[in-house]
1. Taking B:Phe40 and the conditions (1) surrounded by 18 or more Cβ atoms within 10 Å (Cβ to Cβ); (2) away from chain A (no Cβ under 14 Å); (3) touching a His at 6+ places or on another chain (Cβ under 9 Å), which numbered condition does it fall short on, given that it satisfies the others?
2. Hey, does segment B:94-105 have a residue that's out of contact with any Pro (no Cβ under 7 Å at 6 or more places or on another chain) and outside any helix (DSSP H, G or I)?
3. Between A:Gly232, A:Gly161, A:Gly210, which is within 13 Å of another protein chain (Cβ to nearest Cβ) and buried (at least 24 other Cβ atoms within 10 Å of the Cβ)?
4. Return the pair list, or none, for Cβ contacts closer than 8 Å from residues in segment A:401-421 that are at positive phi to residues that are in a strand (DSSP E or B), at least 6 apart or on different chains.
5. Output the residue which, of all residues in segment A:111-136 that are outside any helix (DSSP H, G or I) and more than 20 Å from the chain's Cα centre (by Cα), is modelled with the lowest pLDDT.
6. Please enumerate the residues belonging to segment A:404-433 that are part of a helix (DSSP H, G or I) and touching a strand residue (DSSP E or B) at 6+ places or on another chain (Cβ under 9 Å).
7. Only one of these is part of a helix (DSSP H, G or I), among the hydroxyl-bearing types (Ser, Thr, Tyr) and more than 21 Å from A:Val423 (Cβ to Cβ): A:Ser355, A:Ser322. Name it.
8. Within segment A:265-283, which residues are closer than 22 Å to A:Gly389 by Cα and out of contact with any Leu (no Cβ under 9 Å at 6 or more places or on another chain)?
Amino acid sequence: MTSSNSFLQEPKGLKSWLVTLDHKRIGILYLIGISVAFALGGAFALMLRLELLSPAKDFVGPDAYNRLFTLHGAVMIFLFIIPGIPAALGNFVLPLMLGAKDVAFPRLNLTSWYIYIVGMIMALVAIFTGSVDTGWTFYTPYSTQTSGAVVMMTMAAFVLGFSSIFTGLNFLVTIHKLRAPGMTWFKLPLFIWAIYATAIIQILATPVLGITLLLLVLERVLAIGIFDPAMGGDPVLFQHFFWFYSHPAVYIMILPAMGVISELISTFSRKKIFGYKAIAFSSFGIAFISFLVWGHHMFTSGQSELASMIFSFLTFLVAIPSGIKVFNWLATMYKGSISLETPMLWALGFLFLFSIGGLTGMFLGTLATDIHLHDTYFVVAHFHYVMFGGTVMAFFGGLHYWWPKIWGRMYNEFWAKISVLLVFVGFNVTFFTQFIMGAKGMPRRYWTYLDQYTRLHGFSSVGSLIMAVGFAIIAVYLLHSIFKGRKVGANPWGSLTMEWETSSPPPVHNFEKDMVLTHGPYDYDKVIPRDN
Amino acid sequence: MDHSQNRPAYLQHHFSDVTQQAESAKLGMWVFLLTEILLFGGLFVAYSIFRSWNPEMFYNAHKYLDVTLGSINTVVLITSSVTMALAIRSMQLGQKQKTLALLWSTLILASVFLVIKYFEYSHKFHLGQLPGKYYTFTGVEGNNPHIFFSIYFVMTGLHGIHVLVGMAVITWMIIKTSRNKFSSEYYTPLELTGLYWHLVDLIWIYLFPLLYLIG
């Protein structure tokens, strides 16, 4: 395969990248954006953990601490995790997996990226003009009273929401209309099913966040009184509105991750995926239930006991489709010929950590235990096990899996494996400790703590440093591989999905010929993958 | 890549044929309209909650909305939906001049709607029926009447912004039509504009009774 006409080389020049309508380049633009956000959010997290090394004031005081955890949350959620897998990896691989030449609306795709960048700049302006100390949830009445750049940060999230909606809309139409001949619904790769379910949530939930944030801005600027009890309004209404989006939003974050894991597990087990339809439909099950559980964030908000009981029950239902996925992945691996290459290591990490994250969710969905655990480090740990142990692990798994497809070059596998290990160990040291602290009653969002938590906090902080080293190594070898990595062929992992049938990196229009599906995405029992 | 034979200029490179392109565009627009409904959905929920808490105040406050002007505006918007639909029909028949005339009519009716809305708003500003803490009017009986006007202004304001956006898009369509970008073969952007415009109309059809006709 010659790479003389790859999308990386043609057309040339910075401007050609900034006005590109090529989904592959837009994917890379997103990758740059989310990497900056991940580094920034990670730096905020490190500062938090360093402050928590001891109960005394080590680096920052209470006000700066409140701002740091707000920024860590807002940056990681709105700028990294939500666009992470769909907009960056999804943009690159979704049309390739479908055998399409591009997404349905390439101009809208580029617009989404610019909207994302505008949102990112607005968030940065907010950080440097007074900052925000409300937490990423912007709860009223505090968010309408505190000083700082709440309006700017809220508008940033509002703008980023549009970027997310447009991406979801674009992918949904692409999946409907641009599949290669022969690619029927049940021959779609499971990553596509996951992205489809994600798109539905993005489309249905994000506008509600939009109107909520708009009302919050109006509340702050014009004091319209809708969330202000002194004026006949209701602050709990804000919580309802906020979580009606933000609970489904955590599934916007995790569903694409589950899609990635399906690809990785099947590829590196050399085995047909077990329970294809069950995995596909469970994504929709999760998407559906996600709209009915928002009240479980509000068990202590004073909502009625009946409402809490119903929300608790519905929350437990999420365990069913999640469990279906995990068991099907395990069944896929059973008697497969598993090869422990880097992407698979991330996937295995996902399985361990996501399971712990999911199971601890049960503790929080139970009304009685939640009263004890609410607003403690237990919640923080649970959330990170799902979002970091789940989504971030899958994101890096997917990144390492498709990296040779993107650049046509392979990273250093030795250092890649070392860094999976560092991140996995560092993560557990950091966050498993927080389960224990939370169960012992350590409340979240405080810059200091009682002496009895000193050892656990110190242990947790050490873990975060181990993770930081892991990510630093990843940054170095990935960047190195772009220029110096070993060149690879079209299909280095021996996968059967369509993106591996074109050269690495792919040509400008994705494929040299019009694609027709000749075998299912996981037919490892029938087809021997080729690396041409 | 061979894109040469039998591909009209308006067909983008990544679509295999005209039907695929048109169907994709329409599906995308319908999905976008769904997001618009959910955007307003939050406001409809807020309306329902506050009205159920303060039924009498809502009844008393709604009397200060001008039903006559509201009715005229309803007729104006519905008529503009008709002219929009006819504009698309004219282009399907390849009648460029008629399409232009109908698009201009739609644009003018939209401006009439906003002018009437302007008079309604300024009258309320004058009386001090402003949202939230700027509310100074004393004539409404019941608790927190400013909440009604907050909701009124947010809902009709957001709708008004959508009318403005619609006017901008219709203007763009007028420019494209007069530059011969459309034909009886290709008029998808006109259809999409029509879909959007009907939604703006539809939302008003819900806003009007909910705000003006309580009781």
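The values are calculated or read from the model by the stated rules, or taken from the named source; none is laboratory data. Because the structure is predicted, anything quoted here is derived from the model rather than measured. All Cβ positions, even for glycine, are placed from backbone atoms using ideal geometry, and neighbour counts span all protein chains on display.
1. So the condition that B:Phe40 fails would be (2).
2. Of segment B:94-105, the ones out of contact with any Pro (no Cβ under 7 Å at 6 or more places or on another chain) are B:94-105.
Keeping just the survivors that are outside any helix (DSSP H, G or I) gives B:94-95.
Yes, segment B:94-105 contains at least one residue that is out of contact with any Pro (no Cβ under 7 Å at 6 or more places or on another chain) and outside any helix (DSSP H, G or I).
3. Values: A:Gly232 fails: buried (at least 24 other Cβ atoms within 10 Å of the Cβ); A:Gly210 fails: buried (at least 24 other Cβ atoms within 10 Å of the Cβ).
One residue alone meets the criteria, A:Gly161.
4. Cβ pairs passing all conditions: A:Gly408/A:Ser6; A:Gly408/A:Lys487.
5. Initially, segment A:111-136 is screened for residues outside any helix (DSSP H, G or I), giving A:129-136.
Those left that are additionally more than 20 Å from the chain's Cα centre (by Cα): A:129-134.
Working: A:Thr129: 90, A:Gly130: 84, A:Ser131: 87, A:Val132: 91, A:Asp133: 91, A:Thr134: 91.
Filtering first and then ranking leaves A:Gly130.
6. Here is the first cut: in segment A:404-433, the ones part of a helix (DSSP H, G or I) are A:404-407, A:413-433.
Selection gives A:Pro404 alone.
7. Numbers: A:Ser355 fails: more than 21 Å from A:Val423 (Cβ to Cβ).
That would be A:Ser322, the only listed residue that is part of a helix (DSSP H, G or I), among the hydroxyl-bearing types (Ser, Thr, Tyr) and more than 21 Å from A:Val423 (Cβ to Cβ).
8. Within segment A:265-283, A:Ser269, A:Ser282 meet the criteria.
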